[in-house]
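Please read the structure below before turning to the comments.
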Amino acid sequence: MNSARRPPLQHPLAPLFARAVDSFSAALSPETIRYYHGAARNFLSYLGANHPEVNRLDQLRREPHILGWMSRLHSQVPPLATASYILRLIALRPILNELAWTQQLPELAHLIRREDIPRLPQRLPRPLTAEQDQLLQQEFLRRNDLGGNVFLLIRHTGMRIGECADLSCDCLRSTGPDQWAIHVPLGKLKTERMVPVDSFVCELVQRLRFFRFLDPLPADGQLLACPSARDTLLRHFRDYLHQVCHSLGLSTRIVPHQLRHTYATEMLRAGVTFPALMKLLGHTSPEMTMQYLDVTLHDLQREFELARSKPRHLVPQPSVPSAPLRPGLDGLIDSLLAAQHVLEMFRRALPDGASRRRLDRLSNRLTKIVIEARKLHTP
């Protein structure tokens, strides 16, 4: 093992950087410590190759040493992923802070600034296209094998592939007359949930029970037989999806989790409310659910037309009295109330201003007149 390691970096500053990492990383995991040492090695390798004259800490400058290293990270081939670039900067920054403290060189703490570290790119939803979704479901139905039924179950329940692997044989539960739900066990977020399903999903569960019955492995209460490690089973299903996509001429970069995104987007378009969708997906925050939704221009147009045809949140308008006016004093009061209604409807249609405020005062006067008129009633 030791012979396979890279030789120590030959740079005058390497011992100082190594001691700085050891100083603040005593409670960190070995893997994290290796990453800090790797970031220091990467920076010092650049420094030795491009600025060999720098051999003391007080010679380090933001320009050209730090900014030049950042530029090198951006331009390297193959290109460095944004997340990896961010981690390199985040790893080097505490090393420089530690050196600024231990070597009494405060300017080192300002060589990498907060604004230098970009934000991680926002993860966009990745549902399948309508064509991909249709082709895959048709192929799964045609094959009608273990993998096909597993992926149909994931597609129509929004489960993670790991949650599907953990389903029990009795996961299908009756919740009422002709009503069924799948019990999804503790998953990624340590939550469990009940997902309502239709007759098609009930049939899928029955097929998977049949495959489990045919499997030579002894019964263990699980819906899917696991020959060895759980990761082996998950890898088998991912390879299965890869082969299906290849046979259909689809992108082989499609992953099982995209079926979950597709389910979430389908539920939203079917009218499922956002809180209910969070429950279906087993999420604990709205931000997490938002990453799963693909809202297209077509969705926006449909919502816009629905809001115009059936507005739900407008201020309720007072109803116009439809009964005929009564004779005598009662009829007078009815007329006053009708006049107050017409005035109020007209006032609401005006923009804020002097006219609207004046009509508001007139409406208050009518209210007082109605009150006084009602006092005219005699036994």
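With only Lys, Arg, Asp and Glu charged, each at its Cβ (+1 for the first two, -1 for the last two), find how big the charge dipole of the chain is about the Cα centre; round to the nearest 20 debye.
I would put it at about 1000 debye.
Just rank Val150, Val21, fewest to most, by other beta-carbon atoms within 10 angstrom.
Ranking Val150, Val21 by Cβ neighbours within 10 Å, fewest first, gives Val21, Val150.
Once both labels are modelled 7 Å past Cα along the beta-carbon direction, what's the Gln59-Gln301 spacing in nm?
In this crude spin-label approximation the distance works out to 6.5 nm.
Residue separation times 0.36 nm, minus the C-alpha to C-alpha distance between Ser228 and Leu336: what's the value?
30.5 nm
Computed over the Cα atoms of region 25-167, what is the ratio Rg over Rh, Rh following Kirkwood?
1.23
Separation between the Cys202 and Asn144 pseudo-spin-labels, each 7 Å from Cα along Cα→Cβ, expressed in nm?
With each label placed 7 Å out from Cα toward Cβ, I get 2.0 nm.
Arranged by the count of other C-beta atoms within 10 angstrom, fewest first, what order do Asp334, Asp352, Asp58 take?
Least to most surrounded, the residues fall as Asp352, Asp58, Asp334.
How high is the relative contact order of the chain, in percent, with contacts defined as C-alpha pairs under 8 Å that are six or more residues apart?
Once divided by the residue count of the chain, the mean separation gives 12 percent.
Which angle between 0 and 90 degrees, to the nearest 10, do you get for helix 146-157 versus the longest principal axis of the chain when only C-alpha atoms count?
Helix 146-157 sits at roughly 40 degrees to that axis.
With +1 on each Lys and Arg Cβ and -1 on each Asp and Glu Cβ, how big is the dipole of region 87-197 about its Cα centre, in debye rounded to the nearest 20?
Dipole about the Cα centre, nearest 20: 240 debye.
If all Cα-Cα distances of region 130-303 are sorted into 10 Å bins from 0 onward, what percent lands in each bin, rounded to whole numbers?
Result, from short to long distances: 9, 37, 38, 15, 2, 0 percent.
Using only Cα atoms, tell me the angle between helix 354-374 and the longest principal axis of the chain; keep it within 0 to 90° and round to the nearest 10.
So the helix axis and the longest Cα principal axis differ by about 50 degrees.
I'd like to know which of Gln103, Ile33, Phe211 lies farthest towards the positive end of the charge dipole of the chain, counting +1 on Cβ of Lys and Arg and -1 on Cβ of Asp and Glu.
Gln103
For Gln179 and Ser75, calculate 0.36 nm times their separation in residues minus their Cα-Cα distance, and state this gained length in nm to one decimal.
Fully extending the segment from Gln179 to Ser75 adds 31.7 nm.
Over region 328-374, what is the relative contact order in whole percent, taking alpha-carbon pairs under 8 Å and six or more residues apart?
50
Hey, what angle do you get for helix 230-248 against the long axis of the chain, alpha-carbon based, 0 to 90 degrees rounded to 10?
For helix 230-248, the angle is close to 80 degrees.
Over region 130-303, what relative contact order in percent results from Cα pairs under 8 Å that are six or more residues apart?
About 23 percent, as a whole number.
Arg253 versus Glu266, label points 7 Å from Cα toward the beta carbon: distance in nm?
Taking the two extended label points, one gets 2.4 nm.
Can you give the Rg to Rh ratio of the chain, both from alpha-carbon atoms, with Rh computed by the Kirkwood formula?
With Rg and the Kirkwood Rh in hand, the quotient comes to 1.21.
Taken together, the values in this text are just the output of simple stated rules run on the coordinates, not laboratory data. Here the structure is a predicted model, which means the values were calculated and not measured. Ideal geometry is used to build each Cβ from the backbone, glycine not excepted, and the neighbour counts take in all protein chains shown.
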